[in-house]
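Below is one structure; the comments refer to it alone.
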Amino acid sequence: MELPPTDYQTEIQSVFPTIADTIQHIYDVDFLWLSRCMGGEALERLSIHTPEEAQKAFDTLHTAIDELINGSDVTQTISYQNSTGNVFTNTVEEVIRHLVNHGTYHRGNITAMLRQIGHRGVSTDYIYFMRQSWNEM
């Protein structure tokens, strides 16, 4: 789906005020968790202003996450501080599950936001993504 740049920044009554803000939030959370898993900032954190920038930023970030998953022991634990300073410990595998769940939730928000501004929503179900991938092969 092609989204006009104005719609990317359109104010909407939702969890976040714009689709752009929702995309930035998803990126920031993925970035934060990757950094925690890597023991510090693994990449340069980006500010995303357009759908094209979002695609590039997520491509880079997801490549780094794939490398983390394929290049480490996902059962290893990491310790980190949350935004209020409390210390927690989780496995990398638990973090990855959290990222999937978090991203799914906010992609659903984006689909609802698209409908609010007159666009046809898209399915965010994983099986539909897989079917589309299979058809592109």
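The values are calculated or read from the model by the stated rules, or taken from the named source; none is laboratory data. Because the structure is a prediction, the values reported are computed rather than measured. Methodologically, a virtual Cβ is constructed for each residue, glycine included, from the backbone with ideal geometry; neighbour enumeration extends over all protein chains shown. When the accessible area is computed, the model is the full protein with side chains, heavy atoms only, and any ligands, DNA or RNA have been set aside. Shrake-Rupley method; radii C 1.70, N 1.55, O 1.52, S 1.80 Å.
Provide the packing ranking of 84-92, 65-73, 4-12, 25-33, i.e. peptides ordered by the mean count of other C-beta atoms within 10 Å per residue, highest first.
Output ranking for 84-92, 65-73, 4-12, 25-33: 25-33, 4-12, 65-73, 84-92.
Over the stretch 57-137, give the accessible area per residue in Å² for a 1.4 Å probe, as an integer.
Per-residue accessible area for the stretch 57-137 comes out at 69 Å².
Of Gly108, Gly39, Ser79, which is farthest on the positive side of the dipole of the chain, counting Cα position, with +1 on Lys and Arg Cβ, -1 on Asp and Glu Cβ, and the Cα centre as origin?
Gly108
Computing the accessible area with a 1.4 Å probe over protein heavy atoms, can you report the carbon and sulfur percentage for the stretch 9-137?
51
Would you compute, from DSSP H runs of 4+ residues alone, the mean residue ellipticity of the chain at 222 nm, taking -39500 (n - 2.57) per run and dividing by the full residue count, rounded to the nearest 500?
-19500 deg cm²/dmol
Please tell me the relative contact order of the stretch 60-137 in percent, rounded to the nearest whole number, where contacts are Cα pairs under 8 Å and at least six residues apart.
16
Using unit Cβ charges (K, R positive; D, E negative) and no other charged atoms, how large, in debye to the nearest 20, is the dipole of the chain about its Cα centre?
380
Taking a ≥ b ≥ c as the square roots of the Cα gyration tensor eigenvalues, with a/c under 1.5 meaning rounded and otherwise prolate when a/b beats b/c, else oblate, which class fits the stretch 72-111?
oblate
Give me the net charge for the shell around Pro51: Cβ to Cβ below 11 angstrom, other residues only, Lys and Arg +1, Asp and Glu -1.
Once all neighbours under 11 Å are counted, the net charge is -3.
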